[in-house]
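Inspection log for the structure reproduced underneath, given as structure tokens.
The values are calculated or read from the model by the stated rules, or taken from the named source; none is laboratory data. Not measured: the values here are computed from a predicted model. A quick note on method: Cβ atoms are made from the backbone with ideal geometry, for glycine too, and the neighbour counts reach across all protein chains shown.
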């Protein structure tokens, strides 16, 4: 979607003062209702030349896409194609809309037309995804390969991981391992990458899944554990590690990982399926687990103040259910200590640490990592 916005917004530099308000509205970023209203006014005015009519239809189509009105977007892209039947990007955009409607035949037709007009990675990637949905993994791999070759200077990490997933679906796990490894290497070389921990964690989880499929269980376990070290609690990584542990015959540990995945994402189907395969019922998370997950999510998003408020809610829930003398409350104080320290609230951090220490000195308690594991944090 970012490519579409950049292409359209860069071209929407219209000069007519008479249309300036409608142009501003049509060009509104992040306000789809305003953009649709402005573009509609321009289109219905009937005073646009061919080039500006194309821009208005495509800008409105993009706004319709953002609202989920794919039929309206298709209609506008169709009008744009009538004005310019040689625009490969417009065919690609309309093909994407057909794909969102699950009209895969029409999607492939438009994306193929786009590629006939001019080779472009947008159409190759979208067509590859459609081929995957219809189970044609060989053609999906071919299209991902074409997209990677077009972007040979700096192919995105997602191209490698997408092709890796297609390789895995086709049973070619060694090739999938190779693609995940290339993505990991490219990730390490990208000094400008933001949100590195979550990105790198996803890549190691990708390779762990491929290693599992190839029967290389010890290597798969290493990668899945490294993924969870970088970004704890991710349901996909927990499920991958659970599957590896199951393959290693460590059934109870596998079940624990699947349950933790569902604690963090109660509707995560892969974990539900894995538990059902083992004949185990999914356990719904309790109030404390839900609150703790909320704390972790806020902390990962660097919303420090909100995370502290959520941490206090979590500590109160622990107090209600477990009291203030046991390991669970000591752990809740540890969580608050971490949050306060990260937010430079050192007095509050010290107070939480002293309270936790006092609880631990009063009895022989299990250590912090064990508690975190039991309640599903890691």
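The C-beta contact set for region 138-156 (first residue touching a residue at least 12 places away in the same chain (Cβ under 8 Å), second residue in a loop (DSSP other than H, G, I, E, B), distance under 7 angstrom, 6+ apart or interchain) comprises 148/155; 150/119.
For region 134-153, a residue qualifies if it is out of contact with any helix residue (DSSP H, G or I) (no Cβ under 8 Å at 6 or more places or on another chain) and surrounded by fewer than 16 Cβ atoms within 10 Å (Cβ to Cβ), and the qualifying residues are 135, 149, 152, 153. Among residues of region 273-288 being at pLDDT 90 or above and crowded, with 19+ Cβ neighbours inside 10 Å, the one that is farthest from residue 319 (Cα to Cα) is 274. From the set of residues in region 289-313 that are crowded, with 19+ Cβ neighbours inside 10 Å and farther than 23 Å from residue 230 by Cβ, which is modelled with the lowest pLDDT? In this case the residue turns out to be 291.
Every condition in (1) surrounded by 15 or more Cβ atoms within 10 Å (Cβ to Cβ); (2) touching a helix residue (DSSP H, G or I) at 6+ places or on another chain (Cβ under 7 Å) is met by residue 250 except one, and the failing one is (2). Go through region 301-318 residue by residue and tally those that are closer than 19 Å to residue 357 by Cα and in contact (Cβ under 8 Å) with a residue 12 or more places away in the chain. Number of matching residues: 5. Entry remark, region 28-62: residues being surrounded by fewer than 20 Cβ atoms within 10 Å (Cβ to Cβ) and over 20 Å from residue 94 (Cα atoms) number 14 in total.
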